[in-house]
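See below for the structure under consideration.
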């Protein structure tokens, strides 16, 4: 992904009464940047800091005059990560200044880059932090302002919430209606064997995306807006439906485990099947089983395959029979995980090429099934 210069967007002040809405429009680009992981991002952030340092100098800003960005996709910043950076700051000082945006004449600032450093300073009891300050950018096009960079990946729950929130903002479709609308259009496209065409549009330019989506959905304006909003974020709508939207309907205990304990999305999806309906028990019993299983998955760092085995064992205790297809899939997952580097190194090039082609074909089939 080509990254336009960040610093060029901070060359002039901008007076506006809808700054919060403008800032919200930028956040979809943040998601794209985190996925792209471009090596240019950090160098551009550093370049912006140097530019702001030259223009206005470095300031000591009171910690309590800084407001967090309420529209950032990352809702999960663990205490552990804050403690880690706080220890570094206590030992070596604040190495890089925060980037702040002046948002009011009363002297309050919006935190644009350096959230964990700010939290670390508060944890250490610091009264001020070093910062460089930018005026509200003149051009707030969301593809231009490439800041607010974190090296960690968003967890799938934060990612799903950020995507749905951005899509709702762009399209006017309610957050509650987005999952159903996306499922409806993807089912129809799958029945007509057209769903795979969406994947080819992810890397296309805007005009190609518009033309491609219009050819798929015709005059359905809502579906067109929905698909284009996702494609504009460099997201495959089928993957969003299969991998991210299910995060929104997870039980609260699993959401908490994702946010606070680092539970992975695939593990959470497997554990979610330990529901009262599936186990044919009360909500209390199901919740206890799920929470106990989650603790075991996290404490023992179980793989997805082992997590599914654990879930199957729990279901078996409640006489919940697994279909034969599930047993076959679990066996294949285990066999694939046990395919060691040593075994693959000893194979011939022809055998490896054949294996890669077979796996690629199966992945394509899985994507098509999940997309339905």
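Readers should treat all values here as calculations from the given coordinates under stated rules, not as data from a laboratory. Note that the structure is a prediction, hence the values are computed from the model and not measured. Note that we place each Cβ from the backbone using ideal geometry, even for glycine, and neighbour counts take in every protein chain shown.
Could you tell me whether the stretch 196-243 comes out rounded, prolate or oblate from its Cα gyration tensor? Rule is a ≥ b ≥ c as square roots of the eigenvalues, rounded for a/c under 1.5, then prolate if a/b exceeds b/c, otherwise oblate. It is oblate, given that a/c is not under 1.5 and a/b is not larger than b/c. When peptides 82-92, 207-217 are sorted by average Cβ neighbour count within 10 Å, with the highest value leading, the order is 207-217, 82-92.
Annotation: peptides 236-245, 259-268, 174-183, ranked by per-residue average of other Cβ atoms within 10 Å with the highest first, follow the order 236-245, 259-268, 174-183. For the stretch 156-246, the square roots a ≥ b ≥ c of the C-alpha gyration tensor eigenvalues yield an a/c under 1.5, which makes the shape rounded.
Calculated FRET efficiency, residue 277 to residue 301, Cβ-Cβ distance, R0 = 22 Å: about 0.15 to the nearest 0.05. Going by the alpha-carbon gyration tensor, a ≥ b ≥ c the square roots of its eigenvalues, is the stretch 238-300 rounded (a/c under 1.5) or, if a/c is not under 1.5, prolate (a/b greater than b/c) versus oblate? Oblate. Distance between the pseudo-spin-label points of residue 180 and residue 78 (7 Å out from Cα toward the beta carbon): 3.7 nm.
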